[in-house]
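Student: The structure's right below; bear with me while I get my questions together.
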Amino acid sequence: MATERTLSIIKPDAVAKNAIGDIIARFEKAGLQVVAAKMVQLSEEKAGGFYAEHKERPFFKDLVGFMTSGPVVVQVLEGEGAIAKNRDLMGATNPKEAAPGTIRADFAETIDANAVHGSDSAESAEREISYFFGNDEICPR
Ligand code: IDP
């Protein structure tokens, strides 16, 4: 399997729960490496642009409200099959449907505040990584 990069966001609910370290430990234990990271307070414009594909969905306003409700930790994860691996570690979008032992099952209760984001394809990963990081902010290891 090829080495890939994916964008991960630890969302405001998980940051507020002091779960940053526990969540990053799961990535590292699964063999993913953090090659870029920063804590950011998203503006409405930045959060809305990130989730532009959901602009017409009924939950868009609440999603932007939630993502701007507190700081987030944005990271680039690198490793073999990183995109799918991260999605497996995260679990289903709705924590109530997430498999036991996944991040969303363990750290989230509701679909609107579900602890983490992870790119869902190579195309999304490329767009999302460049949405948050310049090349000089990514540190290959
Ligand atoms: P993903 O985060 O698992 O990739 P997406 O379908 O891309 O899921 O949705 C982006 C985010 O929008 C979700 O993580 C969740 O926070 C929110 N979301 C998705 N569907 C709903 C919904 O039906 N109600 C409320 N929020 C939703």
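Computed from the coordinates by the stated procedures, all read-outs in this text should not be read as laboratory data. None of these values were measured; they are calculated from a predicted model. Because the Cβ atoms are built from the backbone with ideal geometry, glycine has one as well, and the counts that use them run over all protein chains shown.
Student: Given 0.36 nm per residue, what is the gain on full extension from LYS17 to TYR51 after removing their alpha carbon distance, in nm?
Tutor: So the chain would gain 9.9 nm between LYS17 and TYR51.
Student: Within 10 Å of each residue's Cβ, count the other Cβ atoms and sort VAL74, VAL15 from fewest upward.
Tutor: VAL15, VAL74
Student: While we're looking at this one, here's another question. Taking the number of other C-beta atoms within 10 Å as the exposure measure, put LEU77, LEU89, LEU63, LEU7 in order starting with the fewest.
Tutor: LEU63, LEU89, LEU7, LEU77
Student: For region 3-137, state the semi-axes of the equivalent ellipsoid (square roots of 5 times the eigenvalues of the alpha-carbon gyration tensor), sorted largest first and rounded to whole angstrom.
Tutor: Equivalent ellipsoid of region 3-137: 20, 18, 14 Å, largest first.
Student: Relative contact order, percent, of the chain when contacts are C-alpha pairs under 8 Å separated by at least 6 residues?
Tutor: That works out to 37 percent.
Student: Among the lysines in region 3-137, how many pairs, 8 or more places apart or on different chains, have alpha carbons under 15 Å apart?
Tutor: Lysine pairs meeting both conditions in region 3-137 amount to 6.
Student: Apply the Karplus parameterisation 6.51 cos²θ - 1.76 cosθ + 1.60, with θ equal to phi minus 60°, to every residue of region 33-42 and state each ³J(HN,Hα) to the nearest whole Hz, in sequence, with x for glycine and proline.
Tutor: So the J values, rounded to whole Hz, are 10, 7, 10, 7, 7, 7, 9, 9, 9, 6.
Student: Let me ask another. Expressed in nm to one decimal, what extension gain is obtained for the pair ASP136 and SER43 from 0.36 nm per residue of sequence separation less their Cα-Cα distance?
Tutor: 31.2 nm
Student: Let me ask something else about it. Could you size up the charge dipole of region 29-141 around its Cα centre, putting +1 on the beta carbon of Lys and Arg and -1 on that of Asp and Glu, and report it in debye to the nearest 20?
Tutor: 200
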